[in-house]
């Protein structure tokens, strides 16, 4: 989401040539406002070669906060290619009054946190992260992902939804009520696009099993689009002054 919003802000700037790189894991990515490159680079070395061959002036990492390997490769590639680098990292959600969070480190821990009594679980994780739930077949699952879960999980009680945010709080509250959900499993993604389920859970008194973010690489970082654009303008001005 951060990458798309940044691209939207830069799309009309004729002095810039912006390329948005997608990992290629989503079957039908949304329409983007700038040219798109899809697929991996072959690790940090491959990305560094791309930066050099395409004469990229600056690299902004605006990947999902849980895409830790991609972020680590971006930092390493920028260092190798000596390309100015910035990470755009939206801040994580913080619990507020009324929230009932259980923080966990990974999906396996989230599954164990569901407990030994049958529950009705709203799962909002990527389709490639769902396999551990097979170890807890006693629960009833409502699983929402961007792409279809195919093949379905080997679970006796699972229903599936596909959807791409933003999701409104009122819609998620109605969805949870209609399905008698009593716990949500989510990643601490931050941002507004998927916060609706967190606010809805709070209003309904429903607990949230929240996956903590992995550690972020040590690199220059900002939290807002405005700060990213300010950094970008400074970096490009400095490069022009150096005759790069």
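Before moving on, here are some points about what is shown:
- Considering the range 2-110, the qualifying strands (runs of 3 or more DSSP E), each wholly inside and each with 3 or more residues that are closer than 30 Å to residue 203 by Cβ, run over 101-104.
- Selection status of residue 53, more than 27 Å from residue 182 (Cα to Cα) and over 21 Å from the mean Cα position of the chain (by Cα): yes
- Count of residues meeting criterion [assigned to a loop (DSSP other than H, G, I, E, B) and either in contact (Cβ under 8 Å) with a residue 40 or more places away in the chain or crowded, with 20+ Cβ neighbours inside 10 Å (or both)] in the range 169-212: 14
- When each of 69, 80 is tested for being at pLDDT 95 or above and surrounded by fewer than 18 Cβ atoms within 10 Å (Cβ to Cβ), the lone residue that passes is 80.
- Breaking point among (1) assigned by TED's automatic domain parsing to the domain that holds residue 231; (2) more than 23 Å from residue 223 (Cβ to Cβ); (3) under 16 Å from the mean Cα position of the chain (by Cα), for residue 67: (2)
- Inside the range 50-65, residues that are in contact with a strand residue (DSSP E or B) (Cβ under 8 Å, 6 or more places away or on another chain) and free of Cβ contacts under 8 Å to residues at least 40 places away in the same chain make up a count of 2.
- Residues of the range 111-150 satisfying the condition of being under 22 Å from the mean Cα position of the chain (by Cα), surrounded by 14 or more Cβ atoms within 10 Å (Cβ to Cβ) and assigned to a loop (DSSP other than H, G, I, E, B): 125, 126, 130, 146, 147, 149
- The set of residues from the range 12-36 being closer than 12 Å to residue 73 by Cβ and at pLDDT below 85 comprises just one member, 23.
- Single residue of 98, 39 found to be at pLDDT 90 or above and surrounded by fewer than 16 Cβ atoms within 10 Å (Cβ to Cβ): 98
- If you check 215, 166, 220 for being within 17 Å of the chain's Cα centre (by Cα) and either buried (at least 17 other Cβ atoms within 10 Å of the Cβ) or touching a residue at least 40 places away in the same chain (Cβ under 8 Å) (or both), only one passes: 215.
The values are calculated or read from the model by the stated rules, or taken from the named source; none is laboratory data. Since the model is a prediction, treat every value here as computed from it, not as a measurement. Counting neighbours? That spans all protein chains shown, and the Cβs are built from the backbone with ideal geometry, glycine included.
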